[in-house]
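Since the structure comes first, as structure tokens, the remarks are kept for the end.
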Amino acid sequence: MKEYWTSLASLLGVLAFCQSLLQAVFPPELRFAVVKLFNRIFNWFSSYCYFDITEIDGVNTNELYNAVQLYLSSSVSITGSRLSLTRALNASAITFGLSNNDCIVDTFNGVTVLWEHVVTQRQAQTFSWRPLPDEKRGFTLRIRKRDKPVILSSYMDYIMEKANEIRRKNQDRLLYTNSRGGSLDSRGHPWESVPFKHPSTFHTLAMDPAMKEDIMEDLREFANGQSFYQKTGRAWKRGYLLYGPPGTGKSSMIAAMANYLGYDIYDLELTEVHTNSELRKLLMKTTSKSIIVIEDIDCSINLTNRNKTNNGPAGGGSKNPRNYYDSSDIRGGSGSGEDGGGNSITLSGLLNFTDGLWSCCGSERIFVFTTNHVEKLDRALLRSGRMDMHIYMSYCTFPALKILIKNYLGYEESDLEGDILEELEAVVDKAQMTPADVSEVLIKNRRFKLKAVRELLEILKVRAERNRNNAGLREKNGNGVEEEEQEKRALESSPNKEGFDQFQETCKKGDGDDESESDQKEDGLIEK
């Protein structure tokens, strides 16, 4: 036994001597050169090439790594046998991913590539201001050498685009509003946000199906039209004007557009913006793929027709045309400009906001204006390039009525008796009820479906009879609604009685301006 251990010790000594001799004859630099030469010879005869995408590039996070991880999650969830599950902050869905040291095959433009998720232990770190994770993560892309020119440029761009799309789809959409008085939040942003949870979609929107399809097609062409806008030299933006009586679903339309495209919404309150400069700064802080909304623009600030004439001084009968660049004539309801604390946004500033040079500081944005009285808006706001598509939100029609009955009662058209359908179709247009009014009747009796339909039919008949007997009553009620809305907005934005009286007087003048309305109709700017 002693001889065995002696022989083993002698053998270990010989091996140690040989190792020392090899290190002396072949230093580390020479061994590294041999390995490098061997790898180069192997690559010469190999038909593949490899690209590493590490999670951390130096001390910074590699955005391409995150993009590849998101992109592969769309196919890994179907083909992968071992998956990792993650859910990011403010995300509405679970993301699938490759497990450690797992592989997946992908195809792009007929070219097959192999992705491998490589995870190794990181060596012990010395002192660092930013400690690195214990594991070193990365993706290795294997492609054929002949496919290298095709893959590297277009494939990487495709991955980044798809990753942004998945990220936007998984994240909660946000509803922004500008801070009061233009103040900044803790991050220095002038916008405050809350999660956007509005459930409205084009499927549930009470509207003529043909018109909804036209709007959806227009939105699809806009969202997919980046190359078209670049080729034609146009800013990648589009404007929509929603007009019609109150309660016809203008806000629901905006929510449906946001849910359809997956865009955030910026609800701009003009009465909180004091100058054109603040308006431009708000525009610069909006992101791409967003909808910028100005609701009730005819009541937010006084943007009446610039054709309107003002009476001259007392004793004189001359009238001078309004200058549409004159800031003193275009004031908000928060007070006069003489005290320095009022709203001094000009029509020129608002036009530049929607169609000027500053409107091109972002891409893929939609501007939406809403109003109950389109005839009060200046024609400069209505032209193409600012408001490209005018959408009339009408009273409830028979197709919209069938959608509401299906939404609230679960009744299909075949579930209703033929006589009831005929009666509903005969009176719904004459009744001139808004979708909001119809919805209220259905909600009140939603537990008793048949009763809800019959009660709705009776209300429609009463409304139709009343409208036929007194055609002027509808116009009077409309003016009452208008005065109530304007009074409410004036009280909110102008606590002093003097500013409120000026606002009321301006609104009354706008109501009696038949000349400007007829001029706009002759120019074809008001859709009938």
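The values are calculated or read from the model by the stated rules, or taken from the named source; none is laboratory data. Since the structure is predicted, the reported quantities are computational estimates derived from the model, not experimental observations. All Cβ positions, even for glycine, are placed from backbone atoms using ideal geometry, and neighbour counts span all protein chains on display. Only protein heavy atoms, including side chains, enter the accessible area calculation; ligands, DNA and RNA are left aside. Shrake-Rupley method; radii C 1.70, N 1.55, O 1.52, S 1.80 Å.
Restricting region 18-58 to residues that are closer than 22 Å to residue 121 by Cβ and either in contact with a His (Cβ under 8 Å, 6 or more places away or on another chain) or among the acidic types (Asp, Glu) (or both), the residue that is modelled with the lowest pLDDT is 57. For first residues located in region 254-272 and under 21 Å from residue 391 (Cβ atoms), partners that are acidic (Asp, Glu) and open to solvent by 10 Å² or more (accessible area, probe 1.4 Å) and lie 6+ apart or on another chain with Cβ distances below 8 Å form the pairs 258/264; 267/295.
Scanning region 417-441 for residues that are over 24 Å from residue 252 (Cβ atoms) and without any contact (Cβ under 8 Å) to a residue 12 or more places away in the chain, we see that the one that is surrounded by the most Cβ atoms within 10 Å (Cβ to Cβ) is 421. Against the list (1) charged (D, E, K, R); (2) closer than 30 Å to residue 271 by Cα; (3) modelled with pLDDT of 75 or more; (4) more than 19 Å from the chain's Cα centre (by Cα), the condition residue 173 fails is (4). Looking across region 59-79 at every residue that is among the hydrophobic types (A, V, I, L, M, F, W, C) and open to solvent by 40 Å² or more (accessible area, probe 1.4 Å), the one that is modelled with the highest pLDDT is identified as 64. Among the residues of region 265-282, just one is in contact with a Phe, Trp or Tyr (Cβ under 6 Å, 6 or more places away or on another chain) and surrounded by fewer than 20 Cβ atoms within 10 Å (Cβ to Cβ), namely 280.
Kindly check whether there is at least one residue in region 358-378 that is assigned to a helix (DSSP H, G or I), open to solvent by less than 20 Å² (accessible area, probe 1.4 Å) and either among the aromatic types (Phe, Trp, Tyr) or in contact with a strand residue (DSSP E or B) (Cβ under 8 Å, 6 or more places away or on another chain) (or both). Please lay out each step first, then the result.
Applying the first criterion (assigned to a helix (DSSP H, G or I)) to region 358-378 yields 358-360, 374-376.
If we keep only those that are open to solvent by less than 20 Å² (accessible area, probe 1.4 Å) too, we end up with 359, 374.
Subset that is either among the aromatic types (Phe, Trp, Tyr) or in contact with a strand residue (DSSP E or B) (Cβ under 8 Å, 6 or more places away or on another chain) (or both): 359, 374.
Looking for residues that are assigned to a helix (DSSP H, G or I), open to solvent by less than 20 Å² (accessible area, probe 1.4 Å) and either among the aromatic types (Phe, Trp, Tyr) or in contact with a strand residue (DSSP E or B) (Cβ under 8 Å, 6 or more places away or on another chain) (or both), one finds at least one in region 358-378, hence yes.
Among the residues of region 391-412, write down those that are over 13 Å from residue 429 (Cβ atoms) and open to solvent by less than 40 Å² (accessible area, probe 1.4 Å). Listed by number, the residues that qualify are 391, 393, 403, 404, 405, 409.
Remark: pairs (first residue in region 105-130, open to solvent by less than 90 Å² (accessible area, probe 1.4 Å); second residue modelled with pLDDT of 85 or more and polar (S, T, N, Q); Cβ separation under 6 Å; 6+ apart in sequence or on different chains) = 116/140; 118/140.
Look at region 146-170: where a residue is in a helix (DSSP H, G or I) and among the aromatic types (Phe, Trp, Tyr) and a partner is surrounded by 13 or more Cβ atoms within 10 Å (Cβ to Cβ) and modelled with pLDDT of 85 or more, sitting 6+ places away or on another chain with Cβ atoms under 6 Å, you get 155/108.
Are any of the residues in region 220-240 part of a loop (DSSP other than H, G, I, E, B) and among the aromatic types (Phe, Trp, Tyr)? Write out each step before concluding.
At the first step, the residues of region 220-240 found to be part of a loop (DSSP other than H, G, I, E, B) are 224-225, 233-236.
Filter once more, so that each one left must be among the aromatic types (Phe, Trp, Tyr): 236.
Yes, region 220-240 contains a residue that is part of a loop (DSSP other than H, G, I, E, B) and among the aromatic types (Phe, Trp, Tyr).
Residue under question is residue 183, and the condition is that it be loosely packed, with under 14 Cβ neighbours inside 10 Å, at pLDDT below 80 and farther than 23 Å from residue 53 by Cβ; does it hold? Yes. The residue of region 404-416 that is farthest from residue 251 (Cα to Cα), among those that are touching a residue at least 12 places away in the same chain (Cβ under 8 Å) and within 37 Å of the chain's Cα centre (by Cα), is 411. The C-beta contact set for region 221-237 (first residue in contact (Cβ under 8 Å) with a residue 40 or more places away in the chain, second residue open to solvent by 100 Å² or more (accessible area, probe 1.4 Å) and in a helix (DSSP H, G or I), distance under 8 angstrom, 6+ apart or interchain) comprises 236/230.
Selection within region 96-143: residues that are under 27 Å from residue 170 (Cβ atoms), among the polar types (S, T, N, Q) and assigned to a strand (DSSP E or B). The member of this set that is modelled with the highest pLDDT is 140. A search for C-beta distances below 7 Å between a residue of region 385-403 that is without any contact (Cβ under 8 Å) to a residue 40 or more places away in the chain and any residue that is among the aliphatic types (A, V, I, L, M), counting only pairs 6+ apart in sequence or on different chains, returns 398/424; 398/428.
Looking only at region 352-360, decide whether some residue is among the aliphatic types (A, V, I, L, M) and closer than 28 Å to residue 222 by Cβ. The answer is yes; a qualifying residue exists.
Only a single criterion out of (1) touching a His at 6+ places or on another chain (Cβ under 9 Å); (2) among the aliphatic types (A, V, I, L, M); (3) outside any helix (DSSP H, G or I) is not satisfied by residue 254, namely (3).
Looking at region 464-481, is at least one residue under 28 Å from residue 292 (Cβ atoms), at pLDDT below 90 and not basic (Lys, Arg)? Let's see the steps before the verdict.
As a first pass, look at region 464-481 and keep what is under 28 Å from residue 292 (Cβ atoms): 481.
Now narrow it down to the ones that are at pLDDT below 90: 481.
Now drop any that are not not basic (Lys, Arg), which leaves 481.
So far as region 464-481 goes, yes, one or more of its residues are under 28 Å from residue 292 (Cβ atoms), at pLDDT below 90 and not basic (Lys, Arg).
When we screen 239, 262 for residues that are open to solvent by less than 30 Å² (accessible area, probe 1.4 Å), farther than 23 Å from residue 372 by Cα and among the small types (Gly, Ala, Ser), the only hit is 262.
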